[in-house]
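Here is the structure we will look at, set down as structure tokens.
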Amino acid sequence: MTDLSQRLRSEAASLDQQDPLKHILNDFLLPEDCIYLDGNSLGPLPKAAKTRAKTVVEQQWGDDLISSWNKHQWIDLPAQVGAKIAPLLGAEASQVIACDSISVNLTKVLCAALHKCDKSLVLSQSDNFPTDLYMVQGLSDLLGKSKCELVCIDEDEILSSIDKYAEQAAVLMLTHVNFRSGRILDMAAITEAAHRHDILVIWDLAHSAGALELDLNGCNVDYAVGCTYKYLNGGPGAPAFVYAAKRHLNDIRQPLSGWMGHKKPFEFTQKYEAGQGVRAFLAGTPQIISMSVLDASLDIFNGLSAQQIREKSVSLLGFFEACFDALFLPNDGFICITPSEPCQRGSQLAYSHPDAYAICQALIDKKVIADFRAPNILRLGFSPLFLRHQDMLEAALRLKVVMENKLYLNSEYQVKHAVT
């Protein structure tokens, strides 16, 4: 094992030396000796974000008070942040706005899409992230099935289901990277297939933005939503974003017609007139503190290409798998449910195991932070911006200690916490 470890350490050091993103490793604040494999749930704190938070609270809010809306351009933050996210999506600045949460934004784009046609069926994958399905169910309860009806389809049958429901389907709503398995759907092929039947397509990019190469315009996507607290490192509860294709920008009809989405919000007229373009997706007052923090976090992506980020992600996953296999961890009952081909998976690996929850808790005590997804999945996220190949080896070694010594059987690791 010593010779094996030395060989793997040498390989890791070589890969890290060649890493084109190594100059930003120190831009994040992480606990000492912590290997953070949960950036796909909550990204760590960028140093610039901590500085911005202090500035916004103490100087802008503290000293300049309400004048900060003009003095520090608070009013422009949703568009400014959207413009920074846009290049990561393969979009133009005018197509993306930051606001609210994925759930709220999904409701907006669903209504905008349903408004454009006389059909009511919304197709979505059965294993979609539950909140996406809940939002459709909520709309259906509110409007009635004649206006909005959810039909769930198997992930392996999306293309055939598009043909099957071609006459009834109005919208196809999918998550690009499956939150459990990490499987990537073929955005271009699926969108094209749906458009052949005049079905509008909404993509949830929660596990894609900031980790994968995306080309929403090139794929002719209609609408997309995404969060910013995962790979974009915006912080807990950070504002989400909305994307709309250029062809839809002059006809956005969504029900949350709040004052910030008004064409002239400070004229305080009684009649609502939607703002131009993607600004029509705005509703209430923007979350200035969290959006300012997000704005600073996004500056880390300056000068980075999506291709560089994706290539490092693929390298990290591949090296972790090599370490995992070299340490004979598959013999401990793990079954990888993530596709083996790099082009078919996002920036995570998911392993099913009967004791996945307890293993995850034991790992956390070893300062390897992963997460658990019901019913039996240990999920490891690989954020390219702050992880090294050396971290991959060390995480595998610590997992080996947990399994060899059966630490996960300890009673303290059997108790389920409220958040998993």
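The values are calculated or read from the model by the stated rules, or taken from the named source; none is laboratory data. This is a predicted model, so every value here is computed, not measured. Cβ sites come from the backbone with ideal geometry, for glycine too, and all protein chains shown count toward neighbours. Areas reflect the complete protein model, heavy atoms only, side chains present, ligands, DNA and RNA absent. Shrake-Rupley method; radii C 1.70, N 1.55, O 1.52, S 1.80 Å.
Restricting attention to the stretch 280-289 and to residues that are more than 15 Å from Ile102 (Cα to Cα) and either within 22 Å of the chain's Cα centre (by Cα) or without any contact (Cβ under 8 Å) to a residue 12 or more places away in the chain (or both), the residue that is most open to solvent (accessible area, probe 1.4 Å) turns out to be Ile289. When the stretch 340-365 is filtered for residues that are closer than 28 Å to Asp204 by Cβ and among the polar types (S, T, N, Q), the ones remaining, listed by number, are Ser340, Gln344, Ser347, Gln348, Ser352.
Among residues of the stretch 18-45 that are closer than 20 Å to Tyr229 by Cβ and without any contact (Cβ under 8 Å) to a residue 60 or more places away in the chain, those with a Cβ under 8 angstrom from a residue that is open to solvent by less than 20 Å² (accessible area, probe 1.4 Å) and not β-branched (Val, Ile, Thr), sequence gap 6+ or separate chain, pair up as Leu29/Pro44; Leu29/Pro46. For the stretch 263-278, the candidate set comprises residues that are over 22 Å from the mean Cα position of the chain (by Cα) and assigned to a helix (DSSP H, G or I); within that set, the residue that is nearest to Leu232 (Cα to Cα) is Gly277. Mind checking whether some residue in the stretch 144-155 is in contact with a strand residue (DSSP E or B) (Cβ under 7 Å, 6 or more places away or on another chain), free of Cβ contacts under 8 Å to residues at least 40 places away in the same chain and within 26 Å of Asp215 (Cβ to Cβ)? Yes. Within the stretch 163-178, can one find any residue that is among the acidic types (Asp, Glu) and touching a Ser or Thr at 6+ places or on another chain (Cβ under 8 Å)? No: zero hits.
Every residue, every condition in (1) closer than 23 Å to Gly284 by Cβ; (2) of a type in the set (Val, Ile, Thr); (3) at pLDDT below 95, yes or no:
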| site | (1), (2), (3) |
| --- | --- |
| Ala93 | yes, no, no |
| Ala98 | yes, no, no |
| Lys108 | yes, no, no |
| Ile153 | no, yes, no |
| Tyr165 | no, no, no |
| Met173 | no, no, no |
| Leu185 | no, no, no |
